[in-house]
1. Under 9 Å by Cβ, and 6 or more places apart or on different chains, what pairs join a residue from the stretch 183-212 that is of a type in the set (Phe, Trp, Tyr) with one that is surrounded by 14 or more Cβ atoms within 10 Å (Cβ to Cβ) and in a helix (DSSP H, G or I)?
2. Among Val86, Val111, Val62, which is at pLDDT 95 or above and surrounded by 21 or more Cβ atoms within 10 Å (Cβ to Cβ)?
3. How many residues are modelled with pLDDT under 95 and crowded, with 18+ Cβ neighbours inside 10 Å when one looks only at the stretch 6-35?
4. For the structure I just gave you, tell me whether Ala180 is touching a Pro at 6+ places or on another chain (Cβ under 9 Å), surrounded by 15 or more Cβ atoms within 10 Å (Cβ to Cβ) and either touching a residue at least 24 places away in the same chain (Cβ under 8 Å) or part of a strand (DSSP E or B) (or both).
5. Quick one: Tyr172 ticks every box in (1) part of a helix (DSSP H, G or I); (2) under 15 Å from the mean Cα position of the chain (by Cα); (3) not β-branched (Val, Ile, Thr) except a single one, so which number is it?
6. Residue check, Gln178 against (1) among the polar types (S, T, N, Q); (2) under 10 Å from the mean Cα position of the chain (by Cα); (3) at negative phi, all met but one. Which one?
7. From the list Val129, Val124, pick out the single residue that is of a type in the set (Val, Ile, Thr), farther than 21 Å from Phe47 by Cα and surrounded by fewer than 22 Cβ atoms within 10 Å (Cβ to Cβ).
8. Can you find even one residue in the stretch 193-204 that is hydrophobic (A, V, I, L, M, F, W, C), surrounded by fewer than 17 Cβ atoms within 10 Å (Cβ to Cβ) and over 25 Å from Val77 (Cβ atoms)?
Amino acid sequence: MFPSATSANRDGLVAVGGDLSVERLVLAYRSGIFPWPIFDDELMTWFSPDPRAVLDLDALRVNRTLRKALRREEIEVTFDTAFEEVIAACASPGPGRDSTWITRQLGEAYVRLHENGIAHSVEVWSGGVLTGGLYGVAINGLFAGESMFSRASNASKIALVHLVDRLKARGYRLLDIQQATPHMVKMGAVLISRREYLQRLERALAVECSFV
């Protein structure tokens, strides 16, 4: 759900209720479904949008400004070193948004996924300070991007570039970003039908990959 959705396409609502156990979340992602509470913090709603946004790994657009930012010597990028900090940052209010969809229970659920080696984060540091990052869910050849944040210019984009590089190097087949925000469209995101998404998902799940 890059970068962080605040309004819902409710046409993709497929279920209401249920817990956020590791097993249920894994089954949901493997079925092309993700949790997104839009009515009430305590009432979980589940979505499978049609159309669905994806970012083809070979189609990422990196403009001149971003290329220059990627070369800055003070920038350091890490993986899975500050997962809970990234979750907290993504869940916090920021410029242009008073709140986010990441409730306390969702945040805790993704931490459990991380502890089980299923959810992962990318962190961007400048001078030892966390300035941007993202997190998502990795199952076989699928990486489902959930949210990103930025406290400095281009920080979240830097995280995305490094994510794509890692996914390509590790043999991932599908980067699901769920919603096509203008920010992500500029970087190469496209919309595909649910049917096509599920076909791509099936192929991705047949591939064994390791994020770490």
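1. Phe211/Arg166; Phe211/Leu167
2. Working: Val111 fails: surrounded by 21 or more Cβ atoms within 10 Å (Cβ to Cβ); Val62 fails: surrounded by 21 or more Cβ atoms within 10 Å (Cβ to Cβ).
Testing whether each residue is at pLDDT 95 or above and surrounded by 21 or more Cβ atoms within 10 Å (Cβ to Cβ) leaves just Val86.
3. 1
4. On the way: touching a Pro at 6+ places or on another chain (Cβ under 9 Å): yes; surrounded by 15 or more Cβ atoms within 10 Å (Cβ to Cβ): yes; either touching a residue at least 24 places away in the same chain (Cβ under 8 Å) or part of a strand (DSSP E or B) (or both): yes.
Yes, satisfied.
5. Tyr172 satisfies all of (1) part of a helix (DSSP H, G or I); (2) under 15 Å from the mean Cα position of the chain (by Cα); (3) not β-branched (Val, Ile, Thr) except (1).
6. Tallying (1) among the polar types (S, T, N, Q); (2) under 10 Å from the mean Cα position of the chain (by Cα); (3) at negative phi, Gln178 fails exactly one: (3).
7. Numbers: Val124 fails: surrounded by fewer than 22 Cβ atoms within 10 Å (Cβ to Cβ).
From the options Val129, Val124, the qualifying one is Val129.
8. First pass over the stretch 193-204, keeping only residues hydrophobic (A, V, I, L, M, F, W, C): 198, 201, 204.
In the following step, the residues that additionally are surrounded by fewer than 17 Cβ atoms within 10 Å (Cβ to Cβ) were identified as 198.
With the extra rule that they be over 25 Å from Val77 (Cβ atoms), the set shrinks to 198.
Scanning the stretch 193-204 turns up at least one residue that is hydrophobic (A, V, I, L, M, F, W, C), surrounded by fewer than 17 Cβ atoms within 10 Å (Cβ to Cβ) and over 25 Å from Val77 (Cβ atoms).
The values are calculated or read from the model by the stated rules, or taken from the named source; none is laboratory data. These numbers come from a predicted model, not from an experiment. Note that we place each Cβ from the backbone using ideal geometry, even for glycine, and neighbour counts take in every protein chain shown.
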